[in-house]
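Since every read-out is calculated from the coordinates, none of them should be taken as a lab result. Quick caveat: nothing in here was measured; it's all calculated off a predicted structure. Note that each Cβ is placed from the backbone with ideal geometry, even for glycine, and that neighbours are counted across all protein chains shown.
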Amino acid sequence: MNSQNTQPGRSTLERAAGFFLFPLLDFLYPPHCLLCYNSAPSKTPLLCNDCLHILPHTAVPLIPAQQCSSGIKYSFQYSFAPFEYDEHLQKLIHNFKYRNMHSLSKPLGRMVGEILNKNSHCKNIDVLVPVPLHPTRYRERGYNQSLCLSREIGRHTDLPIISPLKRIRYTKKQATYNREQRLTNLKNAFALKRSFASVIEYKHVGLVDDVLTTGSTMNECAKILKKAGVKSITAISLVRA
Ligand SMILES: [Zn+2]
């Protein structure tokens with residue numbers, strides 16, 4: 001069982017708030033959609049169905065890694081990203097990552113799962129692997145957004161999730177670096193967990209992160225998976241920035 005649950009490391013008080021206080025607040029102040037400000041269904045709080053369905057989709061969600069064009073020799077073969085990066089996605093992802101709105105993984109992950117299911121290449125994926133957070137960042141944030149996303153994608157694709165990777169070096173947020181720095185910032189930041197020994201039995205891994213920018217985060221993780229025996233890796237993200 002992975003230690004990076006969506007609600008881990010929380011105090012009894014915070015858990016009690018989750019059971020009693022938040023439902024009460026939902027009742028008093030019904031959840032509303034972040035984009036249109038109308039009320040949102042409780043199953044997919046923060047994003048209503050209408051807004052979910054008008055988010056812009058990429059014309060071609062799956063592209064060969066080399067078309068990500070960062071001058072990197074990628075260790076993953078394909079990038080899959082179903083959404084275009086516009087101001088709505090930017091707002092949703094910012095809230096998803098930095099403002100404790102991990103429940104946005106539900107509508108977004110569902111949509112990713114549904115589009116993945118229709119893609120013949122992605123039908124060959126055996127397992128999902130979330131990009132890990134450093135324990136310090138995890139304590140700050142309280143959840144790993146890539147794991148939240150993986151869970152929802154897994155729910156809608158029936159794919160299992162494994163977490164063989166760990167982050168061994170604390171780095172500043174990629175967003176704080178320029179393009180060149182991003183490419184080197186993550187060198188040796190990840191490793192394979194000892195419990196996964198040296199070989200992963202799955203052939204085709206779907207590596208999951210929220211955004212693919214230069215692809216350097218996904219690439220550092222893919223290098224390790226490849227070394228551990230994974231033959232094929234598809235980098236799955238909400239958007240390609
Ligand atoms: Zn809406």
Q.
Nearest 5 percent is fine: what portion of the DSSP beta bridges confined to the chain is antiparallel?
A. 35 percent
Q: May I ask for the angle, rounded to the nearest 10°, between helix 87-98 and the longest principal axis of the chain, with both axes built from Cα atoms and the value confined to 0 to 90°?
A: 90 degrees
Q. For the stretch 85-241, what mean projected area does the convex hull of the alpha carbons give, in nm²?
A. 8.8 nm²
Q) Against the longest principal axis of the chain, how steep is helix 145-157, in degrees 0 to 90 to the nearest 10, with axes from Cα atoms? A) 90 degrees
Q: Could you list which residues have their amide H under 5 Å from that of ILE161, counting only those 5 or more apart in sequence or on another chain, with H placed in the peptide plane?
A: LEU128
(Q) Which one, SER163, SER79, SER120, has the greatest fluctuation when you compute a Gaussian network model over the chain with C-alpha springs under 10 angstrom? (A) SER120
Q.
Tell me the relative contact order for the chain as a rounded percent, counting alpha carbon contacts under 8 Å between residues six or more apart.
A. 22 percent
**Q.** 0 to 90° range, to nearest 10: angle between helix 105-117 axis and the chain longest Cα axis
**A.** 50 degrees
**Q.** Dipole in debye (nearest 20) - the stretch 28-103, about Cα centre, beta carbon charges: Lys, Arg +1; Asp, Glu -1
**A.** 280 debye
Q) Given LYS193/LYS227; LYS187/LYS223; LYS73/LYS227; LYS73/LYS97, which pairs have Cα atoms separated by over 20 Å? A) LYS73/LYS97
Q.
From the helices alone, meaning DSSP H stretches of at least four residues, give me the mean residue ellipticity at 222 nm for the chain, per-run term -39500 (n - 2.57), in deg cm²/dmol to the nearest 500.
A. -9500 deg cm²/dmol
Q. Could you put SER75, SER69 in order, starting from the residue whose Cβ has the fewest other Cβ atoms within 10 Å?
A. SER69, SER75
